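In what follows, a structure is listed as structure tokens, so that the remarks can point back to it.
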Amino acid sequence: MMDRVSRRALLKSLSMSVAAGSVLRVIPLHAAEHAHHAIEEEQAAGAYTPKFFDAHGYKTLRSLCDTILPADADAGGALEGGAPEFIDMLTSENTEYQEKLGGLLKWLDATCTTRYNKTWVDSAPQQQTEILDQIAYRKNADSDQSLGKPIEYFSFLRNFTADGYFTSKVGIHYLGYKGNTYLTEFPGCPPVPGV
Amino acid sequence: MLEISPRKKVYDVCVIGSGAGGGTAAKILTEGGLSVVMLEAGPRLNPDKDFKEHMWPYQLAHRGVGVGGRQAGIGDEFMAPNGFWEIEGEPYTTAPGSSFRWFRSRIEGGRTNHWGRIALRFGPADFKPHSTDGMGDDWPITYEEVAPYYDKVESYIGVFGSKENVPNAPDGIFMPPPKPRCTETLIKKACDRLHITCIPSRMAILTKPLNDRDACHYCAQCGRGCRTASNFSSSQVMIPPAAATGRLTMIPNAMAREIVLGSDGKAEAVSYVDKSTKTEQRVYARSVVLAASACESARLLLNSRSASFPNGLANSSGVVGRYLTDSVGSDLAGVFPQLEGMPVHNHDGVGGMHMYMPWWLFGKKNDFLRGYHIEFGGGRDMPGVGGFQYACDTHEGYGVSLKQAVRKSYGTIIGFSGRGEMIPNENSYCEIDPETKDKWGIPVLRFHWKWGENEQKMANHMQATFRSIIEAAGGKVLGEEQSTPPAASAGESHQIQQQPAARISEGGEIIHELGTVRMGDDRKKSALNRYCQAHDVKNVFVADAAPFVSNADKNPTLTIMALSWRTSEHMLDLAKKGEL
């Protein structure tokens, strides 16, 4: 683990270890490799305080993210990947996102209240499933046009959750991206049938 | 008028701009013994602070996309502060009915910091377009005259590639190319069937050590800055040797305002705004090299008005700002099911493509003039924000099955980008906006833009070609409604974008704008002579892409450096004869 200050100090010391006699501001590969591993260890610390959603809204958001991309036998899900934090932060900076996610949460609570006399988070799992199955598929708007907006909003949140999860440490590992490292030679494409 | 101090320092050369052209000029001129003062409109580059090399998206506050998710691509959080489409307080305008975007890099090294490193020589026909097909004008110089300078530049900066003898796409001095990625193997096979030439790309990235620079370590992140300088940038490869001579004075945060004429009718100084102190300053030099980028150099000349040059310095021909072109761009992406479930492997490679398609129909009869090359990328790149929309929109729903569907489709999208030649036309040019000034009080540029019919035909041909390649390779074209930009390699400077069929890029969007201070033998039709020296003012030179007479389907940076090297050597010759 390294904090930002020590990372900066490390990079500074690296930049001073420039190859002797060189006028270029470059660092040798072995030093760069060391810096890479140090950066990899770096972690953001501290609990997240929502910037846009209130406590109820953030609870709803977390619940939705967890449902969209849950933990499974292979890997943790959207919550472990920090998708709610990512979504809240960007939403606090973007009024279009606020409109869409605010609209989705409002629709979910209003619909759950009408049907079950409860908010979304307090509804039973099968009640939540019933609602989500209505807005998780575009074709449902064909028979009920009033679902058009909620479907659009949910699709937006689905993409947003995927962005947050699959760019997290756990999500990247789940996808099987293997790179961002140092190779002395690029091996090219491994033997794959059809490619 | 400022009082001229009797003790004022007079440099041999003032170079305006520190990018491909300015950096090359500074290196050659200082190593040749001249004193150079360089004005850079932005700050010094600080690799410690500015480079995001090897960081993961989750280590950045916005996972790479910037505040509000609005900076995807070239301006994103991963990139060094390399440049922007819009700069606070430094606007430009467009004429009614015209649309044009102007990317500017206000930082040491300029646009070479984010350059895609695609290093293609112009071919013999590219210097003689009028003789070839009757349109446009010929350059005053030939390929054979420039070739020795391509040799010098490639030998110094390091370019990988392969000897191929493709007509009008000359081979250079190459390091070995990297092996192809799976996506490239797949597309190459389809191209072979379609008789489309697909060969190793030519990029300014080292595959072997060169002059204290280590070889590439294949992290695919060139655009984020490279701590080992295994890719080329002026800031890391041209400026340091110039500084090491002790003859380079770099003045950062210096926004050039005007070239000042002396009583002898020659340039004697450059006035500039020191952005850090907001004061007016002036440097004196025996000669001036403009390398501020094509449009910025034109702006500077047009803003340098005097009794002898009421229409702008070195502009008795009236061509300054005219003949503005950009590359013709059009993109299309496809999804390839056979890439599903690929074995986990490192797909990164260099920051950009390992293979490309040079114009393969040169000399054939087509329904449009000139040609284009194809760039392509995609596959199992570092996952990035925006890269999962296709999988999400296709699968819909939620839960474990969605998660698995995204994993299955990861790395299956390949995007194609055509980059073609635009023929200059009288409707595309820039001029000084009579009303608007930037925050430094400098009048800004107003752009006029119109693609010609030839460019639209070319874009249509690109779309048809991409479609045939995608289908021949067993893929499916992604429709507009599935407009998902795949997470381009984090180091790629151009994100792959899906466009409506037959869409043509916006003027300036490909960031190959050039031609605005063109060279020629006829001083009535050109501003510069065959050495990029002003016809009207003999101690003014231009060393960016402004002198270009045509905008071949070859990215301009390598040619900028070759011409700047050539102009700089000419200046050293003049200095020896006491004529500078």
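Per residue, the accessible area of segment B:127-167 comes to 42 Å², computed with a 1.4 Å probe over protein heavy atoms only. Looking at the protein assembly as shown alone, DSSP beta bridges between its own residues are antiparallel in about 65 percent of cases. Applying the Karplus relation 6.51 cos²θ - 1.76 cosθ + 1.60 with θ = phi - 60° to segment B:136-144 yields 3J(HN,Hα) values of x, 10, 7, 6, x, 10, 10, 4, 4 Hz, where x marks Gly and Pro.
Put simply, when B:120-132, B:565-577 are sorted by average Cβ atoms within 10 angstrom per residue, most first, you get B:120-132, B:565-577. For chain B, taking a cut-off of 4.7 Å between Cβ atoms, the unpaired cysteines are B:Cys14, B:Cys216, B:Cys219, B:Cys222, B:Cys226, B:Cys295, B:Cys392, B:Cys430, B:Cys532. A straight line joining the Cα centroids of segment B:102-181 and segment A:136-163 runs 48 Å. As a rough guide to protection, the peptides B:201-211, B:327-337, B:399-409 ranked by mean Cβ packing within 10 Å, highest first, stand as B:327-337, B:201-211, B:399-409. Peptide B:339-346 has a mean of 5 when you count, residue by residue, the C-beta atoms of other protein chains within 10 Å of its C-beta. The mean number of Cβ atoms from other chains found within 10 Å of a Cβ in peptide B:59-67 is 4, as a whole number.
Surface composition of segment A:53-137: carbon plus sulfur atoms contribute 49% of the solvent-accessible area (1.4 Å probe, protein chains only, all chains present). Given the -39500 (n - 2.57) contribution per DSSP H run of 4+ residues, what per-residue ellipticity at 222 nm results for the protein assembly as shown, rounded to the nearest 500 deg cm²/dmol? Using -39500 (n - 2.57) per qualifying helix, the result is -9500 deg cm²/dmol.
What the phi angles of segment A:121-130 give under the Karplus curve with 6.51, -1.76 and 1.60, with θ = phi - 60°, is a coupling list of 5, 8, 6, 5, x, 6, 5, 4, 4, 4 Hz, glycine and proline written as x. Bridge orientation summary for chain B: considering DSSP beta bridges with both residues in this region, about 65 percent are antiparallel. Per residue of A:87-93, other chain Cβ atoms within 10 Å of the residue Cβ number 4 on average. The residues of segment B:268-340 expose on average 30 square angstrom of accessible surface per residue, using a 1.4 Å probe on protein heavy atoms.
Over all pairs of different C-alpha atoms in the protein assembly as shown, the reciprocal of the mean inverse distance, the Kirkwood hydrodynamic radius, equals 27.5 Å.
For B:Thr94, the amide hydrogen comes within under 5 Å of the amide hydrogens of B:Phe447, counting only partners 5 or more places away or on other chains and with H modelled in the peptide plane. Within straight-line reach of A:Lys51, meaning a Cα separation under 26 Å, sit the following lysines at least 8 residues removed in sequence or on another chain: A:Lys59, A:Lys100, A:Lys106, A:Lys118, A:Lys149, A:Lys169, B:Lys52. For segment B:207-252, accessible area lost to neighbouring protein chains reaches 30 Å² or more, against the chain alone with a 1.4 Å probe, at B:Asp212, B:Asp214, B:His217, B:Tyr218, B:Arg227, B:Thr228, B:Gln236, B:Pro240.
Pairing chains A and B buries close to 6700 square angstrom of accessible surface in total, based on protein heavy atoms and a 1.4 angstrom probe. The value of relative contact order for segment B:198-256, using C-alpha pairs under 8 Å at least six residues apart, is 24 percent. Leaving ligands, DNA and RNA out of it, report the carbon-plus-sulfur percent of the accessible area of chain B at a 1.4 Å probe. Taking all protein chains in place, chain B shows 50 percent carbon and sulfur surface. Straight-line cross-link reach from B:Lys524 at under 26 Å between alpha-carbon atoms covers these lysines, not counting any fewer than eight positions away in the same chain: B:Lys128, B:Lys266, B:Lys450, B:Lys538. Using C-alpha pairs below 8 Å separated by at least 6 residues, the relative contact order for chain B is 23 percent.
The values are calculated or read from the model by the stated rules, or taken from the named source; none is laboratory data. For clarity, every value in this text was computed on a predicted model and none was experimentally measured. Don't worry about glycine lacking a Cβ; one is built from the backbone with ideal geometry, like all the others, and counts go over all protein chains shown. Side chains included, ligands, DNA and RNA excluded: accessible areas come from the protein's heavy atoms. Shrake-Rupley method; radii C 1.70, N 1.55, O 1.52, S 1.80 Å.
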